[in-house]
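Single-structure report; data block below.
The values are calculated or read from the model by the stated rules, or taken from the named source; none is laboratory data. A quick note: this is a predicted structure, and the numbers were derived from the prediction, not measured. Neighbour counts run over all protein chains shown; Cβ positions are idealised from the backbone, glycine included. Ligands, DNA and RNA are stripped out before the accessible areas are found, and what is left, the full protein with its side chains, is counted by its heavy atoms. Shrake-Rupley method; radii C 1.70, N 1.55, O 1.52, S 1.80 Å.
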Amino acid sequence: MEESVKVGLLGLGTVGTGVASIITRHQKELQHQVGCPVEIKKVLVRNKQKLRENSFQDALLTEDPQEVLNDEEIDVIVEVIGGVEQTKEWLLTALSNHKHVVTANKDLMAIHGAELLKTAVEYNCDLYYEASVAGGIPILRSLSDGLSADRITKIMGIVNGTTNYILTKMSTKGSSYDDVLKQAQELGFAESDPTADVEGLDAARKMAILATLGFSAPVSLADVSVEGISSVSDVDLQYAERLGYTMKLIGIADRTKGKIDVSVRPTLLPNEHPLSSVHNEYNAVYIHGEAVGETMFYGPGAGSLPTATAVVSDLVTVMKNMRLGVNGKSVLAPMNEKKLKSADEIDSQYFIRLRVLDQTGTFSAITALFAEFDVSFEKLLQLPVEGEELAEIIVVTHKTSKKTFDGLLERLGNVEVVESVESSYCVEGGN
Ligand SMILES: NC(=O)C1=CN([C@@H]2O[C@H](COP(=O)(O)OP(=O)(O)OC[C@H]3O[C@@H](n4cnc5c(N)ncnc54)[C@H](OP(=O)(O)O)[C@@H]3O)[C@@H](O)[C@H]2O)C=CC1
Ligand SMILES: N[C@@H](CC=O)C(=O)O
Ligand code: NA
């Protein structure tokens, strides 16, 4: 039998445990595809003494990164530790030691992806990162292989499992935000610090990676406008439902006439939109290409085994490349210059909830301001606020530019009859 391919595993947490499990349990299938056994040679952890649910051969564990990175027998480093700067240094060391790298780390790839990919090419090494976006959905492969002949114009997705889980449970079960977040952490979807999940940063990192690949332009995290779900209230979810919408944290990367806009924000989608029926920790990515039209990819975006499937599939690709002698040949530098849209080039419909004085003239003051900004209503709802001389007005606008809407919102806050602008969201996926 051919000599085994040896893997150095960095991390044995939620994803690392899944990787070890798949390599062990699917050994026969892996061998069939790559023609030799796959063996985990060393595993870097923070604490060797930690009690592990799925006990792993203790002899393989180490707390010293150099023991893994400088082991001459190791062919491939699988990084499922997380973190950015320290991890980047470790992966640069691995590449300079001629080891291929597979990573699930979107934080790292969204910030230092270009440098790491360039280094990989320099050393004739592979660097794959399928698990970093939408966990088990083979979305990076779909962009770089399956849709490579097309020109992508729009990528729209639910790419964070934790927030989708939270919004689903809050909408369907009326659960509290804090309780559901705790559940998402226990189930292993949330990051160790879930701030990045709930504040939209995790999704923004994934959207930067998707936009870079989809538009072949160097889109960085700083180019993505981000808003999370921590201020989404039960009241907004109830109004959304009443008006026939579902609230989702949506990432949108859009390219029109060569100009790009990438954003992540809580968004209302019509209930019949395909992304509205993506529930719990599931992810989905909708892609529009000039030639192919609409495609949609659906699957588990987080969790141990789904994410590990993407990691081990990347490992299989590396091993196939090793057999063919083509490692380090698949990375393409972006071909397009990055040109970002300005606020008057970004269009959307909007939902606004206002608290207003419940008196004559309120409505005309508000409609006059909308008319001044040339923003028209698609839907309108007015309800009294119990026990107070106030009413709530909910408006869904027709499409307008971000610049116009921001201007309108600012002026609305200063109208005398408006007590407060309670919330506003983009509405996408309408006609
Ligand atoms: N969880 C998920 O569903 C998904 C996660 N990812 C990404 O995968 C990566 C791993 O995530 P996950 O498995 O959830 O993370 P965990 O926190 O569950 O596991 C991290 C592992 O790395 C080890 N580790 C962390 N820091 C160090 C260090 N400084 N030195 C040595 N070992 C260290 C830990 O050791 P010890 O066991 O001793 O504590 C642990 O085994 C992250 O980049 C994450 O964003 C991507 C997609 C989905
Ligand atoms: N915390 C992330 C894990 C996968 O990337 C999520 O919730 O999607
Ligand atoms: Na993926």
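Across segment 59-88, which residue is nearest to residue 119 (Cα to Cα) among those that are out of contact with any Lys or Arg (no Cβ under 7 Å at 6 or more places or on another chain), charged (D, E, K, R) and loosely packed, with under 13 Cβ neighbours inside 10 Å? Full working, then the answer.
Here is the first cut: in segment 59-88, the ones out of contact with any Lys or Arg (no Cβ under 7 Å at 6 or more places or on another chain) are 59, 64-66, 69-70, 72, 78-88.
Add one more test, that the residue is charged (D, E, K, R), and what stays is 64, 72, 79, 85, 88.
Cutting the leftovers down to loosely packed, with under 13 Cβ neighbours inside 10 Å gives us 64, 72, 85.
Numbers: 64: 23, 72: 19, 85: 16 Å.
Applying the filter and picking the extreme gives 85.
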Query raised in the report: How many of the residues in segment 145-176 are open to solvent by 50 Å² or more (accessible area, probe 1.4 Å) and in a helix (DSSP H, G or I)?
Result: 5
**Report entry** Qualifying positions in segment 285-326 - within 16 Å of ligand 1 (Cβ to nearest atom), of a type in the set (A, V, I, L, M, F, W, C) and touching a helix residue (DSSP H, G or I) at 6+ places or on another chain (Cβ under 6 Å)
**Finding:** 285, 297, 302, 305, 308, 310, 311, 312
Query raised in the report: Has segment 78-94 got at least one residue that is modelled with pLDDT of 95 or more and aromatic (Phe, Trp, Tyr)?
Result: yes
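Hey, can you tell me all the residues within segment 314-371 that are aliphatic (A, V, I, L, M) and assigned to a helix (DSSP H, G or I)? First the steps, then the outcome.
The first filter runs over segment 314-371 and keeps only residues aliphatic (A, V, I, L, M), leaving 315-316, 318-319, 322, 324, 326, 331-333, 335, 340, 343, 346, 352, 354, 356-357, 365-366, 368-369, 371.
Hits for segment 314-371 are 315, 316, 318, 319, 322, 324, 343, 365, 366, 368, 369, 371.
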Requested in this report: Under 8 Å between Cβ atoms, at least 6 apart or on separate chains: pull out the pairs that start in segment 398-423 with a residue that is hydroxyl-bearing (Ser, Thr, Tyr) and end on any residue that is assigned to a loop (DSSP other than H, G, I, E, B) and open to solvent by 40 Å² or more (accessible area, probe 1.4 Å).
Outcome: 400/373; 400/374; 404/373; 404/374; 420/413; 423/231
Requested in this report: Only one of these is under 21 Å from residue 104 (Cβ atoms) and within 16 Å of ligand 3 (Cβ to nearest atom): 7, 38, 19, 34. Name it.
Outcome: 19
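Return yes or no: is residue 211 aliphatic (A, V, I, L, M), away from ligand 2 (no atom under 13 Å from the Cβ) and modelled with pLDDT under 95?
Taking the combined requirement at face value, the residue does not satisfy it.
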Query raised in the report: What number of residues in segment 114-144 are open to solvent by less than 20 Å² (accessible area, probe 1.4 Å) and either at pLDDT below 95 or within 16 Å of ligand 2 (Cβ to nearest atom) (or both)?
Result: 9
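Give the residues of segment 41-58 that are among the aliphatic types (A, V, I, L, M) and either in contact with a helix residue (DSSP H, G or I) (Cβ under 6 Å, 6 or more places away or on another chain) or open to solvent by 100 Å² or more (accessible area, probe 1.4 Å) (or both), sorted by residue number. Spell out the reasoning first.
Going through segment 41-58, the residues among the aliphatic types (A, V, I, L, M) turn out to be 43-45, 51.
Within segment 41-58, 43, 44, 51 meet the criteria.
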Query raised in the report: Are there any pairs with C-beta distances below 9 angstrom linking a residue in segment 134-163 that is away from ligand 1 (no atom under 16 Å from the Cβ) to a residue that is open to solvent by 10 Å² or more (accessible area, probe 1.4 Å) and of a type in the set (Phe, Trp, Tyr), with the two at least 6 apart or on different chains, and if so which?
Result: 142/297; 154/286; 155/286; 156/286
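Take segment 372-414 and flag every residue that is assigned to a loop (DSSP other than H, G, I, E, B) and either at pLDDT 95 or above or on the phi > 0 side of the Ramachandran plot (or both). Step through it out loud before you land on a result.
Just the residues of segment 372-414 that are assigned to a loop (DSSP other than H, G, I, E, B), to begin with: 373-376, 386-389, 398-399, 413-414.
373, 374, 375, 376, 387, 398, 399 - these are the residues of segment 372-414 that are assigned to a loop (DSSP other than H, G, I, E, B) and either at pLDDT 95 or above or on the phi > 0 side of the Ramachandran plot (or both).
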**Report entry** Every residue from segment 372-391 that is of a type outside the set (Lys, Arg) and either touching a residue at least 60 places away in the same chain (Cβ under 8 Å) or open to solvent by 70 Å² or more (accessible area, probe 1.4 Å) (or both)
**Finding:** 372, 374, 378, 380, 381, 382, 384, 386, 387, 388, 389
Requested in this report: Would you check if there is a residue in segment 327-345 being of a type in the set (Asp, Glu), away from ligand 2 (no atom under 16 Å from the Cβ) and touching a helix residue (DSSP H, G or I) at 6+ places or on another chain (Cβ under 9 Å)?
Outcome: yes
Query raised in the report: Is there any pair linking a residue in segment 111-130 that is touching a residue at least 60 places away in the same chain (Cβ under 8 Å) to one that is among the acidic types (Asp, Glu) and crowded, with 18+ Cβ neighbours inside 10 Å, with Cβ under 8 Å and at least six apart or on different chains, and which?
Result: 120/126; 128/314; 129/314; 130/314
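Table: residues versus (1) of a type in the set (Gly, Ala, Ser); (2) more than 13 Å from ligand 3 (Cβ to nearest atom); (3) in contact with a strand residue (DSSP E or B) (Cβ under 7 Å, 6 or more places away or on another chain).
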site: 77; (1), (2), (3): no, yes, yes
site: 86; (1), (2), (3): no, yes, no
site: 94; (1), (2), (3): yes, yes, yes
site: 105; (1), (2), (3): no, no, yes
site: 133; (1), (2), (3): no, no, no
site: 150; (1), (2), (3): no, yes, yes
site: 153; (1), (2), (3): no, yes, yes
Requested in this report: Give the residue that is farthest from residue 38 (Cα to Cα), with candidates limited to residues of segment 294-346 that are without any contact (Cβ under 8 Å) to a residue 40 or more places away in the chain and in contact with a strand residue (DSSP E or B) (Cβ under 6 Å, 6 or more places away or on another chain).
Outcome: 294
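Name the residues in segment 286-310 that are more than 14 Å from ligand 3 (Cβ to nearest atom), open to solvent by less than 50 Å² (accessible area, probe 1.4 Å) and not in a strand (DSSP E or B), would you?
If we filter segment 286-310 for residues that are more than 14 Å from ligand 3 (Cβ to nearest atom), which is where we start, we get 286, 288-296, 304.
Right, trim to open to solvent by less than 50 Å² (accessible area, probe 1.4 Å) and you get 286, 289, 293, 295, 304.
Hit for segment 286-310 is 304, nothing else.
So, in segment 313-333, of the ones that are over 14 Å from residue 7 (Cα atoms) and within 23 Å of the chain's Cα centre (by Cα), which residue ends up most open to solvent (accessible area, probe 1.4 Å)? Quick ask: steps written out before the conclusion?
Initial filter on segment 313-333 (over 14 Å from residue 7 (Cα atoms)): 320-321, 323-333.
Still in the list and also within 23 Å of the chain's Cα centre (by Cα): 331-333.
Values: 331: 46, 332: 152, 333: 83 Å².
Here the answer is 332.
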Query raised in the report: Taking residue 27 and the conditions (1) open to solvent by 60 Å² or more (accessible area, probe 1.4 Å); (2) free of Cβ contacts under 8 Å to residues at least 24 places away in the same chain, which numbered condition does it fall short on, given that it satisfies the others?
Result: (1)
